[in-house]
1. Within segment 203-222, is there a residue that is in a helix (DSSP H, G or I), in contact with a helix residue (DSSP H, G or I) (Cβ under 7 Å, 6 or more places away or on another chain), among the β-branched types (Val, Ile, Thr) and at pLDDT 95 or above?
2. Considering only residues of segment 538-564 that are within 21 Å of PHE413 (Cβ to Cβ) and without any contact (Cβ under 8 Å) to a residue 60 or more places away in the chain, which is nearest to ligand 3 (Cβ to nearest atom)?
3. Counting only residues that are more than 6 Å from ligand 3 (Cβ to nearest atom), closer than 19 Å to MET627 by Cβ and of a type outside the set (A, V, I, L, M), how many does segment 596-613 have?
4. Looking at MET356, is it buried (at least 18 other Cβ atoms within 10 Å of the Cβ) and either part of a helix (DSSP H, G or I) or of a type in the set (Phe, Trp, Tyr) (or both)?
5. Answer with yes or no whether ILE298 is away from ligand 1 (no atom under 15 Å from the Cβ) and either under 11 Å from ASP219 (Cα atoms) or modelled with pLDDT of 95 or more (or both).
6. Any idea which of (1) more than 24 Å from the chain's Cα centre (by Cα); (2) surrounded by 21 or more Cβ atoms within 10 Å (Cβ to Cβ); (3) closer than 25 Å to VAL63 by Cα is the one LYS212 doesn't satisfy?
7. Name every residue in segment 273-324 that is small (Gly, Ala, Ser), part of a helix (DSSP H, G or I), open to solvent by 10 Å² or more (accessible area, probe 1.4 Å) and within 30 Å of TYR5 (Cβ to Cβ), in order of residue number.
Amino acid sequence: MQQDYYTLRAQADIEYSIWSQPEKPRIDFAYDTSSIASGTEEIMNKLNEKLINENHQIETGVVAGYGLQYLNPLVQITFTDGTTVLYGPVTSDNIDDLINEALGNNRNPLDITIGMLHGNRNDIPTIDKHSFLQLEEERRLTRNLGFIDPDLINHYIARDGYLAVNSIFEKKLTDEEIRKEISDSGLAGRGGAFFPTGVKWGFLSSASTEDKYLVCNADEGDPGSWVNRILMEGDPHSIIEGMIIGALGTFANKGYIYIRSEYPLAISRMQKAIDDAYSLGILGQNILRSNFSFDLRIIKGAGAYVCGEETGLIASIQDSRGMPRIKPPFPANSGVFFNPTNVNNVESFASIPMIMRNGSNWYKEYGVESISGTKLFSISGDVKKAGIMELPWGVKITDVLETCGGISNNKPFKALQAGGPLAGYLPSSIAGTLELEPNQFKEHGALVGSGGLVFISDSACSIQLNLLFSQFVEDESCGRCTTCHGGNQRMTEIFRRISRGNGRIEDKANLDIIGNTLLYSNCVHGQASPTIMKNTVSHFADDYEDCVINKKCSGDVCSCPGLTKLIIVDQFDKKLDEAMNICPTGMIKKINGKYTINMKDCIRCGACIELAPEAIKKVSDGTTQEMPEFIPRIFSENHKSLTPHSVLIEPSSITTNVLVRGEKSLSGMENMTI
Ligand SMILES: Cc1cc2nc3c(=O)[nH]c(=O)nc-3n(C[C@H](O)[C@H](O)[C@H](O)COP(=O)(O)O)c2cc1C
Ligand code: SF4
Ligand code: SF4
């Protein structure tokens with residue numbers, strides 16, 4: 001027998017109040033992909049072992065990370081009076097301190113204390129005072145991070161989860177009224193194109209077939225973007241609730257969440273959330289005792305970038321080869337299994353419940369004239385502090401950089417790459433004048449995109465960055481259009497040749513032709529793939545001319561391999577012996593007591609310079625260097641290191657295709673789960 005919302009809520013409130021004010025203190029580990037990458041599991045296991053061995057009266061549990069990834073691994077302690085405090089970065093050495101802290105044995109706050117999430121400890125500042133969070137006005141999308149165990153549906157329900165769905169049933173809102181509320185809120189699709197969500201739902205609602213599909217696009221393929229993952233791992237039910245409301249606003253009866261298989265934790269959390277929602281009668285037949293039914297399942301993608309494009313994604317769901325197809329027909333007319341379909345991004349769906357709960361005017365409290373609400377951004381690259389921020393539209397880029405502690409090693413800010421490989425990049429002279437607002441980026445030939453903000457220092461070389469992204473778009477082309485697969489190959493070849501020191505005057509004109517030809521590709525992947533190249537030639541013209549005409553490379557460490565050589569500047573540095581031993585090609589030799597480097601067979605791995613930075617220097621003196629015929633890609637084939645040496649993207653943000661070149665999955669789909 002299905003229960004009504006209020007019965008579910010009453011049970012959830014009891015469970016949540018016990019969790020929020022436990023009988024014994026509880027240590028919760030932030031358990032998400034970023035934390036796992038930072039070594040959380042090992043510390044968690046050691047702490048659990050100690051608690052059992054020493055019979056401490058302390059519970060343990062998990063929460064999702066608070067978004068301060070530079071302080072990972074994070075731990076929260078909830079004390080018996082309901083106070084919750086966040087700590088990090090935690091190491092195994094802190095285990096005793098944490099146990100004593102939980103037991104109330106410490107006189108002073110631990111030096112790893114970050115802030116108080118809620119409660120009343122006068123000696124600890126509240127979390128909103130934390131320097132990394134100074135640009136956040138209010139956590140709306142991320143309001144449950146740190147405040148729930150994401151695996152427990154009752155925690156979500158107790159924090160007003162599924163209240164919006166129930167209100168729609170109680171108030172008997174029509175599909176039109178739902179769409180109007182969403183349209184009035186000004187919510188624009190968070191997948192990067194910013195199409196008004198309410199309007200898009202209108203296309204599906206007018207279709208009159210028996211089956212209509214709602215698809216959540218959780219492919220998140222842009223390097224540097226992990227905002228969707230944060231939501232799936234941290235608050236999975238908000239996405240499910242958004243989809244149920246979307247179904248009510250469009251009369252869809254079936255739904256899919258398409259998640260890349262590189263996101264195993266997001267997949268398992270979403271699956272658990274779906275199973276729990278089914279078991280409480282929140283999904284399936286007669287949701288919350290209404291006449292409305294909606295079925296939802298997960299599809300795992302194999303990580304092909306173009307399967308994030310909605311028609312490629314639909315093809316992949318159908319077990320067809322994951323290739324974007326020609327539009328029209330648009331998905332609203334012919335989508336999954338040729339039925340009318342609507343595709344929305346994870347963050348778009350996660351925004352829906354709060355809009356329906358609080359109203360469109362509330363949602364518009366934040367934002368700018370052109371776009372309303374808050375947006376999640378994942379910030380990485382050459383910044384001192386990487387992490388997630390939920391920001392109102394309109395925040396200045398320079399403020400974001402300052403809040404992240406500035407550029408690593410206090411180097412100058414060279415460029416901003418926002419929104420992934422199709423969205424371009426802008427020099428600091430322009431990016432530093434912009435606010436986070438889509439039109440401002442467009443005016444300069446770039447896009448804000450889906451939420452990744454990668455800051456780049458002046459140690460990166462524009463040509464190498466360009467080569468990196470050229471290789472990416474070439475690898476990820478599905479191969480349907482000659483313009484796209486051929487054009488991107490030619491573009492990559494040109495940049496590879498330039499980086500080998502063989503740039504030609506006519507390259508610029510040829511790149512221009514390629515850029516224009518790519519516009520005649522079928523989908524946005526091909527059309528937008530020359531964006532970075534266009535930005536390089538126009539915004540980084542000095543770098544381009546230096547490499548092509550003056551044969552000089554401005555990047556640090558090993559950048560354009562044909563334009564740089566390594567020289568030894570201190571023969572007496574003790575590190576040189578180690579550098580000689582580590583060199584994979586044996587190109588560093590000691591002859592008659594003197595070290596030499598032979599550039600002819602040096603593969604420009606940069607290991608020696610990293611080991612002996614005072615003794616070995618990179619110079620680019622306008623001469624083209626001899627180099628091996630075959631040089632491995634500086635950026636690995638499988639995009640594990642999708643950045644030049646100087647740009648470190650948070651490890652867990654690397655989300656792209658794990659299939660190496662030539663092994664592209666036929667369907668783009670790994671398997672299906674119910
Ligand atoms: C090559 C390519 C990759 C894309 N990848 C994604 C993605 O990973 N996630 C996403 O939501 N949208 C992606 N999009 C945009 C989708 O096609 C679609 O516009 C979006 O999912 C619509 O959702 P929204 O209206 O909520 O933004 C991609 C587009 C292209 C051309
Ligand atoms: S533009 Fe590129 S990715 Fe898009 S359909 Fe054509 S070949 Fe495929
Ligand atoms: S860059 Fe790599 S291959 Fe070249 S000399 Fe240094 S260690 Fe050897």
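The values are calculated or read from the model by the stated rules, or taken from the named source; none is laboratory data. Quick caveat, the model's predicted, so the values are computed rather than measured. Glycine gets a Cβ as well: all are built from the backbone with ideal geometry, and neighbour counts include every protein chain shown. SASA here: full protein model, heavy atoms, side chains in, ligands and nucleic acids out. Shrake-Rupley method; radii C 1.70, N 1.55, O 1.52, S 1.80 Å.
1. Initially, segment 203-222 is screened for residues in a helix (DSSP H, G or I), giving 203-205.
Next cut, in contact with a helix residue (DSSP H, G or I) (Cβ under 7 Å, 6 or more places away or on another chain) only: 204-205.
Among the residues that remain, those that are also among the β-branched types (Val, Ile, Thr) are: none.
Looking for residues that are in a helix (DSSP H, G or I), in contact with a helix residue (DSSP H, G or I) (Cβ under 7 Å, 6 or more places away or on another chain), among the β-branched types (Val, Ile, Thr) and at pLDDT 95 or above, one finds none in segment 203-222, hence no.
2. Checked segment 538-564; the qualifying residue nearest to ligand 3 (Cβ to nearest atom) is ASP546.
3. At the first step, the residues of segment 596-613 found to be more than 6 Å from ligand 3 (Cβ to nearest atom) are 596, 598-601, 609-613.
Next, only the ones that are closer than 19 Å to MET627 by Cβ stay: 596, 598-601, 609.
Now restrict to residues that are of a type outside the set (A, V, I, L, M): 596, 598, 600-601.
Total satisfying the criteria: 4.
4. Details: buried (at least 18 other Cβ atoms within 10 Å of the Cβ): yes; either part of a helix (DSSP H, G or I) or of a type in the set (Phe, Trp, Tyr) (or both): yes.
So MET356 passes the test.
5. Values: away from ligand 1 (no atom under 15 Å from the Cβ): yes; either under 11 Å from ASP219 (Cα atoms) or modelled with pLDDT of 95 or more (or both): yes.
Considered against the rule, which asks whether it is away from ligand 1 (no atom under 15 Å from the Cβ) and either under 11 Å from ASP219 (Cα atoms) or modelled with pLDDT of 95 or more (or both), ILE298 comes out as yes.
6. Condition (3) is where LYS212 drops out.
7. Going through segment 273-324, the residues small (Gly, Ala, Ser) turn out to be 273, 277, 279, 281, 284, 290, 293, 301-304, 308, 312, 315-316, 320, 322.
Going one step further and asking which of them are part of a helix (DSSP H, G or I), we end up with 273, 277, 279, 308, 312, 315-316.
Keeping just the survivors that are open to solvent by 10 Å² or more (accessible area, probe 1.4 Å) gives 279, 308, 315.
Residue satisfying the conditions is SER279 alone.
Yes/no per residue for (1) part of a loop (DSSP other than H, G, I, E, B); (2) open to solvent by 10 Å² or more (accessible area, probe 1.4 Å):
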{"position": "LYS375", "(1), (2)": "no, no"}
{"position": "LEU391", "(1), (2)": "no, no"}
{"position": "ASN409", "(1), (2)": "no, yes"}
{"position": "GLY445", "(1), (2)": "yes, yes"}
{"position": "VAL448", "(1), (2)": "yes, no"}
{"position": "ALA460", "(1), (2)": "yes, no"}
{"position": "ASP475", "(1), (2)": "no, yes"}
{"position": "ARG480", "(1), (2)": "yes, yes"}
{"position": "HIS485", "(1), (2)": "no, yes"}
